[in-house]
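Reading through the structure tokens given below for one structure.
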Amino acid sequence: MQRAVGFKRLIPLMAACFCVAKQVCLNETNGFRFLCHIQSSSLVIIKFHIHKEPQGEDEGRKQEKMEGIHHRLVNVNGITMHVAEKGKGPVILFLHGFPELWYTWRHQILALSSLGYRTVAPDLRGYGDTEAPPSITSYSCMHIVGDLVALVDSLGVERVFLVAHDWGAFFGWYLCLFRPDRVKAFVSLSVPFMPRKSLKPVESMRLFFGDDYYICRFQEPGKIEAEIAHYGTSNVLKSIISSRKPGPPCLPRDNAFGIKPDTPIALPPWFSQEDLTFYTNKFNQKGFTGALNYYRALDLNWELTAAWSGTQVKVPVKFIVGDIDCVYTTPGMKKYVESGGFKGDVPLLDEVVVMEGVGHFINQERADEINSHILDFIKKI
């Protein structure tokens, strides 16, 4: 199994190249090619390309390990939440995104629980085996952060290491903003901090990206659910998870997910038919409305967070993203991350890692490297 080279091992190399140039290409080492952008004395953006495929694990052994994950239901903030956990030690709390489940963290749970950590991954409100309140207003940032604080309380700890992706990262930022006393450090995947703007989010998105922008398409209750039902849960999940198209995702009215009956969609090598079946069964049982209500509560979040306008996030942070991620390649996002705006809003931002040739579902696509990045960072805290 390959291991991503940690930030601490790069420090001597960075020091050597700092005075030579702002951008320096380093030699390949153990299959990793590094490109370091020296942004300032306090933040280094690391871009690297991994050109060796990680070795697969025996399926029987993998299943045996998965069976060692403990599942339970917890009462939090007025709802019943399903939680998967494994291991003993300092708590790492994992938050998934859309359209995912606790299961997206299976590789991280198995790897990091074996290294002395208690790994905890809930199905968020509206997903999987967690309760799904019917009202859109029940999916605000206040509700989700309330769920997370209650979950941390139920674990019997004061603070956790936080690792989150997509919507999980979005609410991870809110947790750090509202309750920094509960977070030791935060590893954010795909989604950087997004400071509150003067325009409501959905209005702004329509203005910049048009009515077919996916978040705009998700706003009308029942409409996108009907389109998903038409094409089939499995086909829609396969389309989303296998997508490698950079830039802001748009869903055409005539065929939102680009599904053609005579053109099968191939699963990526890092996502098996077994994985797809697990997702499909859970979304068929629960439906998509709870998950989609996160998008429908965006403007409500904007209204509720006026008092935090201009507030910095003061938690140690590591940000990791793929260079073809649809979020990172949305106009303006790369500039914000790399030009100093991100660091200004998150002064304890320690490191930005941009992984070459990697898409949105980064913790599954590059599981071994993400595991190493998480471990390297939290060991420094």
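Table for the structure above
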quantity	calculated
Pairs, first assigned to a loop (DSSP other than H, G, I, E, B) and at pLDDT 95 or above in the range 215-233, second open to solvent by less than 40 Å² (accessible area, probe 1.4 Å) and not basic (K, R), C-beta under 6 Å, six or more apart	F218/I224; F218/L292; F218/Y295
Positions within the range 161-182 being in contact with a Pro (Cβ under 9 Å, 6 or more places away or on another chain) and either outside any helix (DSSP H, G or I) or among the basic types (K, R) (or both), in sequence order	F161
G156, sole failed condition from (1) without any contact (Cβ under 8 Å) to a residue 12 or more places away in the chain; (2) open to solvent by less than 10 Å² (accessible area, probe 1.4 Å); (3) not aromatic (F, W, Y)	(2)
Filtered residue count, the range 183-197, keeping only those that are among the polar types (S, T, N, Q) and in a loop (DSSP other than H, G, I, E, B)	1
Exclusive hit being more than 14 Å from the chain's Cα centre (by Cα), at positive phi and not acidic (D, E), set G290, G344, G340	G340
Residue in the range 176-184 that is open to solvent by less than 10 Å² (accessible area, probe 1.4 Å) and either under 18 Å from L349 (Cβ atoms) or at pLDDT below 95 (or both) present	yes
Among residues of the range 69-84, those that are surrounded by fewer than 21 Cβ atoms within 10 Å (Cβ to Cβ) and either touching a strand residue (DSSP E or B) at 6+ places or on another chain (Cβ under 6 Å) or part of a strand (DSSP E or B) (or both), counted	10
Top-ranked residue of the range 319-333 - restricted to ones that are within 14 Å of the chain's Cα centre (by Cα) and aliphatic (A, V, I, L, M), ranked as nearest to L348 (Cα to Cα)	I320
Hits in the range 100-145 - residues which are among the charged types (D, E, K, R) and either in a helix (DSSP H, G or I) or over 28 Å from G87 (Cβ atoms) (or both)	R106
Scope the range 188-213; condition open to solvent by 50 Å² or more (accessible area, probe 1.4 Å) and more than 25 Å from F94 (Cα to Cα); matching residues	K197, S198, L199, K200, E203, R206, L207, F208, F209, D211, D212
Some residue of the range 262-270 being open to solvent by less than 70 Å² (accessible area, probe 1.4 Å), under 17 Å from F283 (Cα atoms) and of a type in the set (F, W, Y)	no
Residue, farthest from L276 (Cα to Cα), within the range 214-237, restricted to residues that are open to solvent by less than 40 Å² (accessible area, probe 1.4 Å) and in contact with a Leu (Cβ under 6 Å, 6 or more places away or on another chain)	R217
Among residues of the range 329-348, those that are in contact (Cβ under 8 Å) with a residue 12 or more places away in the chain and of a type in the set (K, R), counted	1
Count of residues meeting criterion [free of Cβ contacts under 8 Å to residues at least 24 places away in the same chain and among the charged types (D, E, K, R)] in the range 239-270	3
Helices (runs of 4 or more DSSP H) (entirely within the range 293-371) containing at least 2 residues that are within 26 Å of K200 (Cβ to Cβ) and open to solvent by 20 Å² or more (accessible area, probe 1.4 Å)	298-304, 333-338, 341-345
Neighbours by Cβ (under 6 Å, 6+ apart or cross-chain): first from the range 349-364, touching a residue at least 24 places away in the same chain (Cβ under 8 Å) and of a type outside the set (A, V, I, L, M, F, W, C); second in a strand (DSSP E or B) and open to solvent by 10 Å² or more (accessible area, probe 1.4 Å)	E356/H49
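Yes or no, residue by residue, for (1) among the charged types (D, E, K, R); (2) under 21 Å from K197 (Cβ atoms):
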position	(1), (2)
K314	yes, yes
I320	no, no
T330	no, yes
F342	no, yes
M355	no, no
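The values are calculated or read from the model by the stated rules, or taken from the named source; none is laboratory data. Keep in mind that what you see is a predicted model, and the values were worked out from it rather than measured. Counting neighbours? That spans all protein chains shown, and the Cβs are built from the backbone with ideal geometry, glycine included. Side chains are part of the model used for accessible areas, which takes the heavy atoms of the whole protein and leaves out ligands, DNA and RNA. Shrake-Rupley method; radii C 1.70, N 1.55, O 1.52, S 1.80 Å.
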